[in-house]
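Below is one structure; the comments refer to it alone.
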Amino acid sequence: MYSRFRHAVCLSLACGLMSAPASLAQAPAVPAPAAPAAASGKTFIDYFQPMPAQGPLSREVWGAPAVLPRDPRNGLEATTNRYCYWDGQILRAPDGKYHLFASRWDESLGHHGWWQSLAVRAVSDSLFGPFVDQGLCWPDDQGGKGHNVTALVLPDGRYAVVISETRPGTVFVSKSIEGPWEQLGEITVDAAKWRASNYSVMVRPDGRFQIVPRSGHILISETGILGPYRLQGPSIYPGVAGLTLENLEDPVVWFSGGRYHIVVNSWSQRRAFHLTSQDGISGWTLRGLAYDPRVDFVRHTDGTVNRWDKLERPGVVLEDGHVVAVTLSVLDVPKDDEKGGDRHGSKVIVIPFDGAALDRDL
């Protein structure tokens, strides 16, 4: 996701980037058969729904002309532009409130200040925001350091937040979604030395844990979130017919509609792709375009369209077994143009999604 790591030899986990033995990294992959898009002819991008207004659309907020007017109350943002926000995974608490876990850094540092990012939790009464920043998750542990933030509910009911890129796959847990957060340990892999960055973690229906890294490898743990995880083979990406292999990152993995799904982003092509598999390990097939900033899919119920320059770090919100919303980290200008102390920035947006229809149509 970030230039300093893009050409690294390491591979990434579904919160991260990792390095594997050369024999594994170079193992030939058998191409999976090409799959049609949904029976309706639609692809993932067609199931995004208009965003309900959480407040008036405004031009009196930061942002390039292409993203104005917009709803500053959608998702998580600093309306004063004090912080840049990134990542973004939403969990619903037992009381019905929504908690969004993300990273933030001072906007004065520009976009490339991300390496100083800290993990935060924000709360909203509505799935779509506004999310109110509650502060650092673990201020007494390396000053709250955290990037590539993702979160999930463990089988025992505890909450887990996982950090990579700036930390080595560190897992924090709490009995309460509000904390306090205790460091559980670091994710381990039963292979060569691994370096965690930019990965996604899920609990499979069979109770095992699965990680999909930036590299597209599948890792499975039989013994809990810390692992050890076992590599299931070479990267799935070369075996997916029709999938570009250009600078893929930010995979997010989930299970719905009887299938495993991955959405993975190509940072250089500025678009993402949707893959599915029956077992989550093999037979991954390309279902088509997931999102693209040049397609007018970030739209409001009144028809207003926001054209963000960068859309990255996708996350999904599942309710009743289907995706009901997608979170995206968005930036209004190219990353090098967000220099700090200007009227540009990044935030997390939340877009309604008709996952029930997607699962029905596939």
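One chain, two ends: T79 and L226. Fully extended at 0.36 nm per residue, the span grows by 49.2 nm beyond their Cα-Cα distance. This ranking places K175, K347, K145 by how few other beta-carbon atoms lie within 10 Å of each, fewest first, which gives K175, K145, K347.
Calculate for the chain the 222 nm mean residue ellipticity that helices alone would give, adding -39,500 (n - 2.57) per DSSP H run of length 4 or more and normalising by residue count, nearest 500 deg cm²/dmol. Walk me through the intermediate numbers first.
Details: 3 runs with 15 residues, N = 362.
Counting only the DSSP helices, I get -1000 deg cm²/dmol.
Modelled spin-label separation between K175 and S126, with each label point placed 7 Å from Cα along the Cα-to-Cβ direction: 3.5 nm. Across segment 136-194, Cα-Cα pairs more than 19 Å apart make up 27 percent of the total. Here the label points at D292 and T188, each 7 Å from Cα along the C-beta direction, are separated by 4.5 nm in the simple model.
Among the aspartates and glutamates, which have Cα under 17 Å from the Cα of K145 when same-chain residues fewer than 8 positions away are ignored? The reachable aspartates and glutamates, counting only those whose Cα sits under 17 Å from K145, are D87, D106, E107, D133, E165, E182, E186.
Given N residues in segment 36-76, what is its alpha carbon radius of gyration divided by 2.2 N^0.38 Å?
On the way: Rg = 14.8 Å, N = 41, 2.2 N^0.38 = 9.0 Å.
My calculation over the Cα atoms of segment 36-76 gives 1.64.
Principal axis extents of the C-alpha atoms in segment 63-189 (largest first, rounded to whole Å): 45, 34, 25. Taking every Cα-Cα distance in segment 147-241 and sorting them into 5 Å bins from zero, the calculated P(r) comes out as 3, 14, 24, 26, 18, 9, 4, 1, 0, 0 percent. As a rough footprinting exposure proxy, the listed residues Y237, Y199 were ranked by other beta carbons within 10 Å of their own, and the order from fewest upward is Y237, Y199. Build a GNM of the chain with springs between Cα atoms under 10 Å apart, and of S117, S164, S103 the one that fluctuates most is S117. Our estimate of slack between K339 and T244, defined as 0.36 nm per intervening residue step minus the Cα-Cα distance, is 31.1 nm. In percent, rounded to a whole number, the relative contact order of the chain is 24, using alpha-carbon pairs under 8 Å and six or more apart. Annotation: extensible slack from E60 through R208 equals 48.5 nm (criterion: 0.36 nm per residue apart, minus Cα-Cα distance). About the centre of its Cα atoms, the chain shows a dipole size close to 500 debye [charges on the beta carbon of Lys, Arg (+1) and Asp, Glu (-1) only; nearest 20 debye].
Only lysines eight or more places from K175 in sequence, or on another chain, were considered; those with a Cα closer than 19 Å are K97. Spatial offset of segment 82-127 relative to segment 243-308 amounts to 22 Å, using the alpha carbon center of each.
Its Cα centre serving as origin, segment 120-276 has a Cβ charge dipole (Lys and Arg +1, Asp and Glu -1) of approximately 400 debye.
For the chain, report the % of Cα-Cα distances exceeding 33 Å. It would help to have the intermediate numbers written out before the result.
Working: 14154 of 65341 pairs.
Tail of P(r) above 33 Å: 22 percent of Cα pairs.
Build a GNM of the chain with springs between Cα atoms under 10 Å: which of A272, A102, A241 gets the top mean-square fluctuation? Maximum among the listed residues: A241. Across segment 252-362, Cα pairs under 8 Å and at least six residues apart give a relative contact order of 19 percent.
As a rough footprinting exposure proxy, the listed residues M202, M51 were ranked by other beta carbons within 10 Å of their own, and the order from fewest upward is M202, M51.
Taking only the alpha carbons of segment 201-356, we obtain Rg and Dmax values of 16.6, 49 Å in that order.
Read-outs: derived from the displayed coordinates by stated rules, not from any lab. Just so we're clear, the structure is a prediction, and the values are computed from it rather than from any experiment. All Cβ positions, glycine included, derive from the backbone under ideal geometry; neighbour counts span all protein chains shown.
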